[in-house]
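I have placed the structure first, in the form of structure tokens, so that the comments after it can refer back to it.
The values are calculated or read from the model by the stated rules, or taken from the named source; none is laboratory data. Quantities reported herein were computed from a predicted structural model and do not represent experimental measurements. Methodologically, a virtual Cβ is constructed for each residue, glycine included, from the backbone with ideal geometry; neighbour enumeration extends over all protein chains shown.
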Amino acid sequence: MANNQNNNASNEPWRAGRPSFKAFYPEIFLLTLITIAFIAIAVQLSCSTIRKAKGAASDKPAAVSLDAPLLAPLAFAQDASIDEAAPAPAADEPAPVAEDAAPAPADAPAPEQTNDEVTPVSDVPLPPATSEPAPDKKTKSESPWTKVVWIWVVCLIVPVILWVWRGVLWICAVWGVYYELRVDPDNPRATTFLTTHGILNKKTDSLHIGSIKDIQSHQTFFQKYFMGGVGTIILFTNDLTDGKVEMKNMPEPSRIFNALDSLRRNYWSRGGMQLHSGAETEPDADGGFNDELHNG
């Protein structure tokens, strides 16, 4: 049912329309490729940034504490101090003599006793223990995730600007232009071609069908097969303000050409020459025009 309605609508003469959005399909495809390329660049740079951050963290040498190596020297020093601090034998007790030692002579002087005090272990100055330095806190600018965010912002700002810029131009080129034919079959003098420009501020120009001297239709290979079959219609007129009207990216250009040419030929065939020259004619009973001129 819908196909029949579309066929009937296409068979009817063209009366109004606007440029087709299909004309911008190649630009949309190109912008899509550019966006994909920038996204791929952003992904590659983000992965390399994260990989470098992880490599720097793994290559950092671990801090070694000096507490563990000092345990062994401190233990030996403690044992030595304990041996030196052992109590001396009493005066009335004979000193132990080794079995293989020779007896000391009677007139040998007694060994002098030194009263050097043994320094306790607690008073021995120890080298200052070095602790592991606290890791520097990374600021937000040094964080790899912050760099990743900036990479994505920089890589996506160019496609966003292109999409916004071209989108505004597409809207103005499609929805900012409207063409209309106001036709009265019984009165060729009422056949008017209207051109409306603008979206918010609209401007409408009127062109009489009798002012059209020639009509041209252009459709390139690229327009036919890659832009949805759009074409360009050019109207050459003797109007003072619109000497040349160019209808760009119009769908079904042959249909528009046939409609304009049929109305123009109908105008000239029904007394258009007399009407255009300033003569007045009156329609007869059959809807045609006679050649009676009214003076005064």
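Observations on the structure shown:
- Applying the set (1) touching a Pro at 6+ places or on another chain (Cβ under 7 Å); (2) assigned to a helix (DSSP H, G or I); (3) of a type in the set (S, T, N, Q) to S254 leaves exactly one unmet item: (1).
- Within segment 134-184, considering residues that are more than 30 Å from L30 (Cα to Cα), of a type in the set (V, I, T) and more than 24 Å from the chain's Cα centre (by Cα), the one modelled with the highest pLDDT: V183
- For segment 189-245, the candidate set comprises residues that are in contact with a Pro (Cβ under 8 Å, 6 or more places away or on another chain) and in a loop (DSSP other than H, G, I, E, B); within that set, the residue that is surrounded by the most Cβ atoms within 10 Å (Cβ to Cβ) is M227.
- The residue of segment 211-232 that is modelled with the highest pLDDT, among those that are out of contact with any Asp or Glu (no Cβ under 9 Å at 6 or more places or on another chain) and of a type in the set (G, A, S), is S217.
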